[in-house]
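The values are calculated or read from the model by the stated rules, or taken from the named source; none is laboratory data. For clarity, every value in this text was computed on a predicted model and none was experimentally measured. Glycine also receives a Cβ, built like all others from the backbone with ideal geometry; neighbour counts cover every protein chain displayed. Ligands, DNA and RNA are excluded from the accessible area calculation, which covers all protein heavy atoms including side chains. Shrake-Rupley method; radii C 1.70, N 1.55, O 1.52, S 1.80 Å.
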Amino acid sequence: MSAPREHDNECLLTTDGEIAAINLESARRRSWSRFFQDPLREGIAETVVEHEQLTAEFAGDVCAFDRLQYLINFLVDAGATSMRTAMIQAQLASMTHRFADARRLLARAALARTQPDDVNRLLLNIDQACGANLGSVIDGRRLAASNPGRTEDLVALGSLLADLHEFDEADRVYRQALQVYRDVSPFPLARAYFQLGLLWGELVPEPRLGKAEGWYRKAIACLPSFTRARVHLAEICSSSGRPDQAEALLIPAVPSGDPEVLWRLADVLVAQKRYAEAEAQMDAARSGFEALLNRHLVAFADHGAAFYAGSGNNWRRALDLARVNVANRPTLRAFEQAHDIAISAGDAAAASELLADAALRWGSSPAFRSSHLAKESPEKRQGVAT
């Protein structure tokens with residue numbers, strides 16, 4: 001066990017993060033071994049899915065999705081029941097942002113008498129990810145979070161509130177998630193810390209980078225292998241003139257295979273005037289993004305758009321990917337990204353179209369009224385000035 005960690009007057013005792021990551025990897029390998037011994041055994045495929053999902057989220061292992069597709073193919077070939085396979089297929093489709101496929105598969109699973117709670121929980125995740133049926137989603141999230149001691153449900157509610165630009169309430173809910181946590185696994189705790197970093201570092205209208213840095217550091221102290229937390233903290237360090245710290249954060253995450261690590265590392269190397277090394281990392285990042293986009297386009301469209309709008313230096317590719325993301329999950333955040341890229345790309349028609357679509361879908365919501373899209377000048381509403 002790690003030493004107790006103090007936060008908000010609570011003493012949080014969890015398993016050491018490095019040990020937890022090793023344990024997860026061992027459990028993942030054991031679950032695959034048991035799966036191959038008896039792939040039709042009740043619950044074993046579902047355990048593999050759980051372990052691979054955690055590995056993708058926290059270790060940044062982008063190959064987890066490919067391994068899960070292999071598992072599904074194996075189940076089909078082994079003659080697994082359509083109900084069981086449909087539910088696992090729906091989970092993978094949701095993880096890779098193929099939301100229309102996930103809904104179709106869930107409908108099949110529901111007809112096959114799958115546990116309704118499992119179906120409804122996944123549908124709630126999909127609706128939240130797509131910005132759909134938000135009235136029902138907020139009611140469902142609040143109901144789930146009302147159960148005592150449910151840190152995971154509180155974090156999900158906080159994420160939804162952040163999407164709706166209820167930033168102060170999101171912060172309160174995330175902190176509540178920390179206060180009620182009584183388990184020893186560091187994973188839910190690291191997730192809550194990370195979401196607080198994201199909230200204050202990227203989502204609020206005026207980011208508070210010092211505050212965000214503190215939360216990201218807590219996430220990494222809790223789980224040193226947390227790739228996304230390392231990437232986001234490295235961005236803050238780099239932007240505040242600490243490239244050596246950013247590099248130290250990124251180097252341990254390179255083996256994850258996440259191309260965003262290589263992208264951010266290339267930027268850090270440029271800041272240190274190590275141009276040859278930076279070019280090699282940037283080439284690897286570009287290759288990595290394209291490989292991911294070829295396999296899982298909608299899952300990484302927003303990340304690819306951010307890369308090509310940044311150091312990837314291809315505005316047309318960035319806008320194409322941002323529009324793919326909007327078409328797949330028309331959230332306010334997706335519209336904001338696509339509109340900003342269209343403005344920077346000098347595509348007045350695309351910027352105007354995206355702004356009109358965003359206003360049509362989100363214009364009546366408080367979130368839109370607090371978005372920078374609602375504050376665009378008349379000139380910007382028409383796109384880029386000619």
Task: Scope segment 177-221; condition under 20 Å from S370 (Cα atoms) and among the small types (G, A, S); matching residues - done: G201
Task: Matching residues in segment 201-223 - criterion: being free of Cβ contacts under 8 Å to residues at least 60 places away in the same chain and either among the basic types (K, R) or outside any helix (DSSP H, G or I) (or both) - done: V204, E206, P207, R208, K211, R217
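Please determine whether any residue of segment 313-322 is outside any helix (DSSP H, G or I), open to solvent by 40 Å² or more (accessible area, probe 1.4 Å) and over 22 Å from N133 (Cα atoms). Before the answer, list the steps.
First pass over segment 313-322, keeping only residues outside any helix (DSSP H, G or I): 313-314.
Now restrict to residues that are open to solvent by 40 Å² or more (accessible area, probe 1.4 Å): 313-314.
Adding the requirement that they be over 22 Å from N133 (Cα atoms) leaves 313-314.
Yes, segment 313-322 contains a residue that is outside any helix (DSSP H, G or I), open to solvent by 40 Å² or more (accessible area, probe 1.4 Å) and over 22 Å from N133 (Cα atoms).
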TODO: Pull up segment 323-336, narrow it to residues that are of a type outside the set (A, V, I, L, M) and more than 21 Å from D258 (Cα to Cα), then point me to the one that is most open to solvent (accessible area, probe 1.4 Å).
DONE: R333
Task: Yes/no for V261 being open to solvent by 20 Å² or more (accessible area, probe 1.4 Å) and either touching a His at 6+ places or on another chain (Cβ under 6 Å) or of a type in the set (V, I, T) (or both) - done: no
- [ ] Looking only at segment 135-187, count how many residues are aliphatic (A, V, I, L, M) and within 19 Å of the chain's Cα centre (by Cα).
- [x] 12
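Please go through segment 282-312 and pick out each residue that is assigned to a helix (DSSP H, G or I), open to solvent by less than 60 Å² (accessible area, probe 1.4 Å) and over 27 Å from Q53 (Cα atoms).
At the first step, the residues of segment 282-312 found to be assigned to a helix (DSSP H, G or I) are 282-295, 297-309.
From what's left, open to solvent by less than 60 Å² (accessible area, probe 1.4 Å): 282, 284-285, 288-293, 298-302, 304-309.
Selection gives M282, A309.
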Task: Any chance L68 is touching a helix residue (DSSP H, G or I) at 6+ places or on another chain (Cβ under 6 Å) and farther than 23 Å from L293 by Cβ - done: no
TODO: Evaluate segment 224-245: report whether one residue or more is more than 23 Å from A177 (Cα to Cα), within 18 Å of the chain's Cα centre (by Cα) and either of a type in the set (K, R) or open to solvent by 30 Å² or more (accessible area, probe 1.4 Å) (or both).
DONE: yes
TODO: Might you let me know whether segment 300-309 holds any residue that is in contact with a His (Cβ under 9 Å, 6 or more places away or on another chain) and modelled with pLDDT under 95?
DONE: no
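Which of the following residues is at pLDDT 95 or above and out of contact with any strand residue (DSSP E or B) (no Cβ under 7 Å at 6 or more places or on another chain): A350, A385, A374? Can you show your working first?
On the way: A385 fails: at pLDDT 95 or above; A374 fails: at pLDDT 95 or above.
Just one listed residue meets the conditions, A350.
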- [ ] Scan segment 47-63 and report the pairs whose first residue is over 18 Å from Q37 (Cβ atoms) and polar (S, T, N, Q) and whose second residue is open to solvent by less than 50 Å² (accessible area, probe 1.4 Å) and outside any loop (DSSP other than H, G, I, E, B), with Cβ atoms within less than 8 Å and a gap of 6+ or a chain change.
- [x] Q53/A64; Q53/M95; T55/L24; T55/R28; T55/A64
